[in-house]
Ligand code: 5GP
Ligand code: ZN
């Protein structure tokens, strides 16, 4: 279902032009205008969902089913050293467009335009701490 005033719904409809890579009944893939690295591609469900929390299992299934083939196509086209699959949810996580999308970001080197830095703090957690965290999350499932 199309969502009014959604940029990506307009791209799916062709109201706003895009450089399309792939399209079928459920999914649309196109080149990100920002090109964080060359080949940076966005994959979106045609069914509007604003973020990961709003994504139905059915739509998720269709969307994720296309990812290996599209990632392989980016890999074959650009022969990157690696590829990051990124999904931002919420402003604080970097989301700017509220139609869920997966970024395929081919990686070339340490200064290629993409930087997801995170600290590994494995030395600060015991197994019992991890179990407690698991319980916290499990209790809301
Ligand atoms: P987010 O920051 O929400 O995870 O990602 C939104 C992405 O959409 C950004 O990487 C941005 O470059 C891309 N984008 C925004 N507007 C347009 C547009 O009109 N056309 C295309 N192709 N990409 C867009
Ligand atoms: Zn939309």
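The values are calculated or read from the model by the stated rules, or taken from the named source; none is laboratory data. Worth saying up front: this structure is predicted, and the values here are computed from it rather than measured. Note that we place each Cβ from the backbone using ideal geometry, even for glycine, and neighbour counts take in every protein chain shown.
Some observations on this one:
- Residue 130, sole failed condition from (1) loosely packed, with under 11 Cβ neighbours inside 10 Å; (2) in a helix (DSSP H, G or I): (1)
Residue-by-condition table, conditions (1) in a loop (DSSP other than H, G, I, E, B); (2) more than 14 Å from ligand 2 (Cβ to nearest atom); (3) touching a residue at least 40 places away in the same chain (Cβ under 8 Å):
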{"site": "50", "(1), (2), (3)": "yes, no, yes"}
{"site": "53", "(1), (2), (3)": "no, yes, no"}
{"site": "58", "(1), (2), (3)": "no, yes, no"}
{"site": "63", "(1), (2), (3)": "no, no, no"}
{"site": "68", "(1), (2), (3)": "no, yes, no"}
{"site": "75", "(1), (2), (3)": "no, yes, no"}
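- Scanning the stretch 14-46 for residues that are away from ligand 1 (no atom under 13 Å from the Cβ) and outside any loop (DSSP other than H, G, I, E, B) yields 22, 23, 27, 45.
- Across the stretch 3-42, the qualifying residues are those that are surrounded by fewer than 12 Cβ atoms within 10 Å (Cβ to Cβ) and within 13 Å of ligand 2 (Cβ to nearest atom), and the one among them that is nearest to residue 83 (Cα to Cα) is 16.
- Yes/no for residue 95 being away from ligand 2 (no atom under 16 Å from the Cβ) and in a loop (DSSP other than H, G, I, E, B): no
- Which listed residue is within 11 Å of ligand 1 (Cβ to nearest atom) and under 13 Å from the mean Cα position of the chain (by Cα), from 93, 49, 71: 93
- Every pair of residues 6+ apart whose Cβ atoms lie under 8 Å, when the first sits in the stretch 90-116 and is within 16 Å of residue 6 (Cβ to Cβ) while the second is away from ligand 2 (no atom under 16 Å from the Cβ) and not in a helix (DSSP H, G or I): none
- Long-range neighbours under 6 Å by Cβ, at least six apart or interchain, first residue under 15 Å from residue 49 (Cα atoms) within the stretch 4-33, second at pLDDT below 95: 9/2; 9/3
- Output for the stretch 77-90, where each listed residue is out of contact with any helix residue (DSSP H, G or I) (no Cβ under 8 Å at 6 or more places or on another chain), more than 8 Å from ligand 1 (Cβ to nearest atom) and assigned to a loop (DSSP other than H, G, I, E, B): 79, 81, 90
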